[in-house]
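Read the figures in this text as sums done on the coordinates, not as results from a lab. Only a predicted model underlies this, so the values are computations on that prediction, with no experimental measurement involved. Every residue, glycine as well, gets a Cβ built from its backbone with ideal geometry; the counts of neighbours run over all protein chains shown.
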Amino acid sequence: MLGVLAAPLCAICIFITLCLLIFLGVTWYESSKAEYPPGIANPKLLKTIHTFSTGAFILGKALDKLGVGNAAVLVNYLQKITIPKPKDDPEVVKKDLQFGGVPVRVYQPRSPSAGGRKGVMFFHGGGFMFGSIDTYDSLCRHLTKNSGAVVVSVGYRLAPEHRYPAAFDDCLLATVQFLKSAQEHGVDPSSVIICGDSAGGNLTAAVCQALVGRSDLPKPLAHVMIYPSVQKADFNTPSYQQNKMVPLLLRQNGLYFTLTHMGGDLSLSKELIKGSHVPPEIRQKLSLWLSSEEFKHKGYKPHIMAPFSKDVYEKVKKAFDLPCSPLFCDDAVIRQLPQAYILTCEFDVLRDDGILYKKRLEDNGVPVTWYHAKDGFHGVVSFFDQAAVASGKLAMDNVITYIKNL
């Protein structure tokens with residue numbers, strides 16, 4: 001009997017071993033394509049993280065093809081089991097609540113305050129597919145402890161289960177609720193700051209624009225955008241050209257997030273790189289903005305977009321909705337936005353998204369504070385508590401200083 005079973009078991013073991021070797025080989029090959037430019041912060045750590053995340057993406061996409069999962073589910077699960085569970089802090093009071101049905105976690109300093117505190121609405125990053133209140137718990141606790149502000153971390157819905165505009169709708173709804181009830185949480189309603197990193201930076205810009213003209217609500221005091229994604233038109237800006245293979249956000253992954261978030265066909269990524277989805281009026285605006293002095297010293301080679309394809313545009317036209325591409329908002333709305341803080345990183349495909357938005361705000365008279373991490377990479381602020389990434393702590397400290405000084 002054992003002899004009869006031995007052959008099938010041996011075959012299964014060989015098959016599993018081959019699959020594992022193929023997986024490791026593909027992971028090594030794909031991760032080895034990444035680039036680590038001279039001057040980037042801690043390339044060794046970055047390479048390790050990128051290798052593991054590449055493997056998770058490869059496995060997630062394989063599960064997706066088999067119909068038993070997807071990259072988002074796998075990566076979020078891995079984050080859940082590898083990131084330390086949220087800790088209690090004697091200096092911070094945490095409450096899990098709902099604002100308008102949207103899950104939020106409210107962080108309040110335990111120390112008494114003479115008057116209403118500042119409030120920070122925080123939208124986490126993750127390409128609209130990853131991240132959670134828990135994965136950003138340590139960052140939000142740190143922000144509360146060191147700024148003295150009440151921080152509200154929003155657990156908005158994620159793609160692919162919840163496509164655009166679900167994340168925007170949740171963040172706007174939670175923000176409106178907080179602006180209406182700020183005093184109940186010890187916050188001065190006129191001192192609320194909207195803040196977010198990466199995809200959360202996009203949501204920050206979009207929510208602030210949506211609040212313009214709302215006479216029934218207190219106006220936000222400021223908005224803080226940390227390496228924000230603010231446009232889905234040009235994937236060949238100087239920073240996209242320079243950093244398309246630099247972790248932690250490769251251009252190909254950014255396109256995957258964009259199309260998944262919008263519910264678009266992933267096969268359209270090549271068309272988006274060519275720019276065939278971009279209508280003439282948007283091309284004119286980008287050409288004008290990118291011709292300014294800010295981009296001449298970066299060795300930018302203007303990318304000539306492919307001829308406009310109405311067919312491709314129709315398939316991805318959501319990309320030009322203002323919550324997806326707040327960069328293209330009308331001047332009349334931009335002029336009414338609150339003062340801004342923008343953080344960019346040199347080795348980040350989204351660097352010029354932030355610089356372009358900075359230019360739009362400044363051209364319309366909105367005060368902007370700009371911090372540029374010269375050795376930073378996408379996601380560097382999340383390493384604020386790791387001594388090996390000094391630029392992460394410096395960037396986070398700069399954000400906190402800005403909020404404290406408002």
Checklist entry - Over segment 2-82, what is the relative contact order in whole percent, taking alpha-carbon pairs under 8 Å and six or more residues apart? => result 21 percent
Next on the checklist: Longer than 32 Å from Cα to Cα, which of Lys87/Lys118; Lys61/Lys219; Lys80/Lys393; Lys232/Lys374 are they? Say none if no pair is.
Outcome noted: Lys61/Lys219
Checklist entry - Under a straight-distance cross-link criterion of Cα-Cα below 20 Å, which aspartates and glutamates are reachable from Lys85, leaving out those fewer than 8 residues away in the same chain? => result Asp96, Asp134, Asp137, Asp385
Next on the checklist: Using the basic label-point model (7 angstrom from Cα toward the beta carbon), what is the Ile304 to Ile14 distance in nanometres?
Outcome noted: 5.6 nm
Checklist outcome for this item: Semi-axes a, b, c in Å (a largest) for segment 2-82, each sqrt of 5 times a Cα gyration tensor eigenvalue, come to 32, 17, 11
Checklist entry - Based on Cα positions only, what radius of gyration and what Dmax would you give for segment 116-258, in angstroms? => result 15.7, 48
Checklist entry - So for the chain: antiparallel DSSP bridges make up what percent, rounded to the nearest 5? => result 30 percent
Item to check | Choice from Gln98, Gln252, Gln284 with maximal GNM fluctuation in the chain (Cα, 10 Å cutoff) | outcome: Gln284
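Can you give the extra length, in nm with one decimal, that the chain gains between Phe23 and Asp397 once fully stretched, where that is 0.36 nm per residue apart less the Cα-Cα distance?
On the way: separation 374, 0.36 × 374 = 134.64 nm, distance 3.98 nm.
Computed gain between Phe23 and Asp397 is 130.7 nm.
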Item to check | Sequence-separation-based contact order of the chain, relative, with Cα cut under 8 Å and 6+ spacing, percent | outcome: 15 percent
Checklist entry - With the dipole of segment 37-165 worked out from charges on the C-beta (+1 for Lys and Arg, -1 for Asp and Glu) around the Cα centre, which of Val92, Met121, Pro43 lies farthest toward the positive end? => result Pro43
Checklist entry - In percent, how large is the relative contact order of segment 263-406, given Cα pairs closer than 8 Å and 6 or more residues apart? => result 17 percent
Checklist entry - Of (i) 1.00; (ii) 0.97; (iii) 1.21, which is the value of Rg/Rh (Cα atoms, Kirkwood Rh) derived from the coordinates here? => result (i)
